[in-house]
């Protein structure tokens, strides 16, 4: 069964997944714009958003995969979750957001262990898990950079 119009709207990250160039990056930009909404950086709000979008992402990701093939590029809810995990608990400054975004996109593309292996999981979980791992790796690396004072905020 094909996703309906509302599911397409959500799954494509408000249609950002239809970007002709780098739809994953376009989805991540939309996720950053949502993050920039005042109050969204509150860890409780972000955990709720990550949890909700992960559940919706697994369900819609499975549906998108059945309709459009393995990990379709137009589906970008996984980028939302990865982006938000990369930023959770970090100071909300322009420098931090930009550096975290760049590092997150690099890790999402490179897919360090076990992200690449998790991508092979079938359905929505396979779509979501590699981005969750890359988002967590980004957060850990950003926290280390902050703690050893390589990054100032």
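The values are calculated or read from the model by the stated rules, or taken from the named source; none is laboratory data. Computed from a predicted structure; not experimentally measured. Cβ sites come from the backbone with ideal geometry, for glycine too, and all protein chains shown count toward neighbours.
Listing for the model above:
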| quantity | calculated |
| --- | --- |
| Any hit, the stretch 14-32, residues being exposed (fewer than 12 other Cβ atoms within 10 Å of the Cβ), over 16 Å from the mean Cα position of the chain (by Cα) and within 28 Å of residue 143 (Cβ to Cβ) | no |
| Breaking point among (1) at pLDDT 95 or above; (2) part of a helix (DSSP H, G or I); (3) in contact with a helix residue (DSSP H, G or I) (Cβ under 9 Å, 6 or more places away or on another chain), for residue 102 | (3) |
| Residue among 80, 75 that alone is surrounded by 15 or more Cβ atoms within 10 Å (Cβ to Cβ), in a helix (DSSP H, G or I) and either modelled with pLDDT of 95 or more or touching a helix residue (DSSP H, G or I) at 6+ places or on another chain (Cβ under 6 Å) (or both) | 80 |
| Lone unmet requirement of (1) in contact with a helix residue (DSSP H, G or I) (Cβ under 9 Å, 6 or more places away or on another chain); (2) within 23 Å of residue 146 (Cα to Cα); (3) in a helix (DSSP H, G or I); (4) touching a residue at least 40 places away in the same chain (Cβ under 8 Å) for residue 95 | (1) |
| Residue within the stretch 111-126 that is on the phi > 0 side of the Ramachandran plot, touching a helix residue (DSSP H, G or I) at 6+ places or on another chain (Cβ under 6 Å) and assigned to a helix (DSSP H, G or I) present | yes |
| Criterion violated by residue 83 - all others in (1) closer than 24 Å to residue 56 by Cβ; (2) more than 15 Å from the chain's Cα centre (by Cα) satisfied | (2) |
| Residue that is farthest from the chain's Cα centre (by Cα) [pool: residues in the stretch 127-153 that are assigned to a helix (DSSP H, G or I) and loosely packed, with under 13 Cβ neighbours inside 10 Å] | 147 |
| Residue pairs meeting the criteria (Cβ under 6 Å; at least 6 apart or on separate chains; first free of Cβ contacts under 8 Å to residues at least 12 places away in the same chain, in the stretch 7-19; second crowded, with 19+ Cβ neighbours inside 10 Å and assigned to a helix (DSSP H, G or I)) | 19/26 |
| The lone exception for residue 61 - which of (1) touching a helix residue (DSSP H, G or I) at 6+ places or on another chain (Cβ under 9 Å); (2) farther than 17 Å from residue 140 by Cα; (3) assigned to a loop (DSSP other than H, G, I, E, B) it fails | (3) |
| Pairs where the first residue, in the stretch 50-77, is at negative phi and without any contact (Cβ under 8 Å) to a residue 40 or more places away in the chain and the second is surrounded by 15 or more Cβ atoms within 10 Å (Cβ to Cβ) and not in a helix (DSSP H, G or I), C-beta under 6 Å, 6+ apart | none |
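Table: residues versus (1) assigned to a helix (DSSP H, G or I); (2) within 12 Å of the chain's Cα centre (by Cα); (3) surrounded by fewer than 16 Cβ atoms within 10 Å (Cβ to Cβ).
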{"residue": "50", "(1), (2), (3)": "yes, yes, no"}
{"residue": "54", "(1), (2), (3)": "yes, yes, no"}
{"residue": "66", "(1), (2), (3)": "yes, no, yes"}
{"residue": "91", "(1), (2), (3)": "no, no, yes"}
